[in-house]
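Novice: One structure, pasted below without further comment.
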Amino acid sequence: MKHFILSCALSMAAIAIDSAQQTGQLPVYLDNTKPVEQRIDDAIVRMTLQEKIRIIHAQSKFSSAGVPRLGFPDFWTDDGPHGVRPDVLWDEWEQAGQTNDSCVTFPALTCLAASWNPQMSRIYGEALGEEALYRGKDMILGPGVNIYRTPLNGRNFEYMGEDPYLASIMVVPYIQGLQSKGVSACVKHYCLNNDEEYRHQVNVIVSDRALHEIYLPAFKAAVEKGKTWGIMGAYNLYKNEHNCHNQWTLNKILKGDWKYDGVVVSNWGGAHDTDQAVKNGLDIEFGTWTNGLTMGASNAYDNYYLAVPYIKGIQEGKYTTKELDEKVRRVLRLFYRTTMNPNRPHGFLCSDSHYAAARQIAEEGIVLLQNKNQVLPINTQKAQRVLVVGDSVDLQVWLYVPHALPHNEATAGCLHTDIDKENLNYTLQHWLYASTATSISVRTIYSSLFVTL
């Protein structure tokens, strides 16, 4: 269904261009030779109030509407930042069950940051952008750069550590690599999203110095150096305003001090008030009345804070169209960078180069905390048994015969099986007993390491 709708939108864009060409008068907003801001000006004049409103809020779980009459396709987002999320149904969190929405699962951004190698960020972003293009995605909801302040923050795994300087360096090439493919980054969660408990209600109190020296540098680098096209607001509050529509973090710092020209996207369920959403910097509203996982009001999009309530406020004279046109300008700028970009390349999925990139990033991100008795690297000529084991219900086990492979390259020709926990001891004992004449390693997806030399 998604691909059918996308195809229809693209067809409408082609029809709009073809119709204009037949009349011999190509509209400025469709003329690739004109400056982007001039094209935006022309498009805004042509749009109705309803068309302006429809592009600043979601129409499904992960998409916002385009303007079919003018040839602007729908806009599709997806999680990231570690791969392109499998598609869900239009208005449900249930997976759509498609057969062409696989992806390479890249290492967590914690691992990427631990590589201390900006080049890894670049190849990460490029590979992810290519996968997103193949899947028809225009924006990846990532990367994340909030600073670790408690191990209990549920989103730590998708952030870049606890060092603001390191995160500032590593986020830039990720964005540049992703956007070089014509796919927008959406750096998140701006800002001060450092705790999981009561994350929708907590009002963060922080000094200006700590804010600017610890919590904002990575976001600032993403804007000023990475030139990100998207920023996602955070659930929490700062100075008693939710960060998806906050006059200090969005209007003053992001759009004022940093001169940010992209869009601000709400976190799913992060918008709470029409008046603040109108005035305090939110550009596209997503996921209102949902927890982003399972719960949500059905087909509630017209009732979003930036939907019918906003139109009603304009019609009643409560708001002018000044703020609306500024939001529309930013959204159209995003369109011209992505869906309306004629030079966007074609994407591809699960390629050898993507798997190679994922592996290289993982290898460079591994940090050895202790190497007692110089156990590592394992000498495959001397090791008798190597068992990696931990507590898990579903186990995947690989059996290796290192002597049959080049030194330090025990990575191919493996025997793989899925086993249940009850059969673990018998299976391992059987393999180890049967293989006493040959050095082996049994690698599982566990956390504890036991080595017998």
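Novice: Of the conditions (1) under 24 Å from Asp325 (Cβ atoms); (2) among the hydrophobic types (A, V, I, L, M, F, W, C); (3) surrounded by 17 or more Cβ atoms within 10 Å (Cβ to Cβ), Trp248 fails just one. Which one is it?
Specialist: With (1) under 24 Å from Asp325 (Cβ atoms); (2) among the hydrophobic types (A, V, I, L, M, F, W, C); (3) surrounded by 17 or more Cβ atoms within 10 Å (Cβ to Cβ) applied to Trp248, the lone miss is (3).
Novice: Of these, Gly154, Gly142, which one is modelled with pLDDT of 95 or more, touching a Lys or Arg at 6+ places or on another chain (Cβ under 9 Å) and not aliphatic (A, V, I, L, M)?
Specialist: Checking each option against the conditions leaves just Gly142.
Novice: To continue, here is another question. Among (1) part of a helix (DSSP H, G or I); (2) farther than 30 Å from Tyr29 by Cα; (3) not hydroxyl-bearing (Ser, Thr, Tyr), where does Arg333 come up short?
Specialist: Tallying (1) part of a helix (DSSP H, G or I); (2) farther than 30 Å from Tyr29 by Cα; (3) not hydroxyl-bearing (Ser, Thr, Tyr), Arg333 fails exactly one: (2).
Novice: Considering only residues that are touching a residue at least 24 places away in the same chain (Cβ under 8 Å), touching a Phe, Trp or Tyr at 6+ places or on another chain (Cβ under 6 Å) and surrounded by fewer than 19 Cβ atoms within 10 Å (Cβ to Cβ), which ones fall in segment 29-48?
Specialist: Within segment 29-48, just Val36 meets the criteria.
Novice: Continuing with the same structure: Name the residue that is farthest from Ser298 (Cα to Cα), counting only residues in segment 57-79 that are assigned to a loop (DSSP other than H, G, I, E, B) and of a type in the set (A, V, I, L, M, F, W, C).
Specialist: Here the answer is Ala65.
Novice: Now for a different question. Counting only residues that are within 25 Å of Thr338 (Cα to Cα), give me the helices (runs of 4 or more DSSP H) lying completely in segment 210-319 with at least 2 of them. Walk me through it before giving the result.
Specialist: Working: elements: 217-224, 274-279, 308-315.
The qualifying helices (runs of 4 or more DSSP H) are 217-224, 274-279.
Novice: Here is a follow-up. Test Val183 against the stated conditions and say whether it is within 30 Å of Gly83 (Cα to Cα) and of a type outside the set (Lys, Arg).
Specialist: Taking the combined requirement at face value, the residue satisfies it.
Novice: Tally the residues that are without any contact (Cβ under 8 Å) to a residue 24 or more places away in the chain and either in contact with a Phe, Trp or Tyr (Cβ under 8 Å, 6 or more places away or on another chain) or under 20 Å from Lys181 (Cα atoms) (or both), restricting the search to segment 317-362.
Specialist: Final tally of qualifying residues: 2.
Table: residues versus (1) over 16 Å from Met139 (Cβ atoms); (2) more than 22 Å from the chain's Cα centre (by Cα).
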residue	(1), (2)
Leu324	yes, yes
Arg333	no, no
Phe348	yes, no
Ala356	yes, no
Arg359	yes, no
Gly365	yes, no
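Novice: Give me a count of the residues in segment 156-198 that are surrounded by fewer than 21 Cβ atoms within 10 Å (Cβ to Cβ), over 20 Å from Gly226 (Cα atoms) and in contact (Cβ under 8 Å) with a residue 40 or more places away in the chain.
Specialist: Here the count works out to 4.
Novice: Let me ask something additional. What is the residue count in segment 226-263 for residues that are among the aliphatic types (A, V, I, L, M) and in contact with a helix residue (DSSP H, G or I) (Cβ under 8 Å, 6 or more places away or on another chain)?
Specialist: Result for segment 226-263: 3.
Novice: Out of everything in segment 62-86 that is within 22 Å of Ala185 (Cβ to Cβ), charged (D, E, K, R) and at pLDDT 95 or above, what residue ends up being surrounded by the most Cβ atoms within 10 Å (Cβ to Cβ)?
Specialist: So the residue we want is Asp78.
Novice: A further question follows. Of the residues that sit in segment 270-312 and are of a type in the set (Asp, Glu) and at pLDDT 95 or above, which one is surrounded by the fewest Cβ atoms within 10 Å (Cβ to Cβ)?
Specialist: Asp275
The values are calculated or read from the model by the stated rules, or taken from the named source; none is laboratory data. Everything numeric here is computed off the predicted structure, so don't read it as measured data. Because the Cβ atoms are built from the backbone with ideal geometry, glycine has one as well, and the counts that use them run over all protein chains shown.
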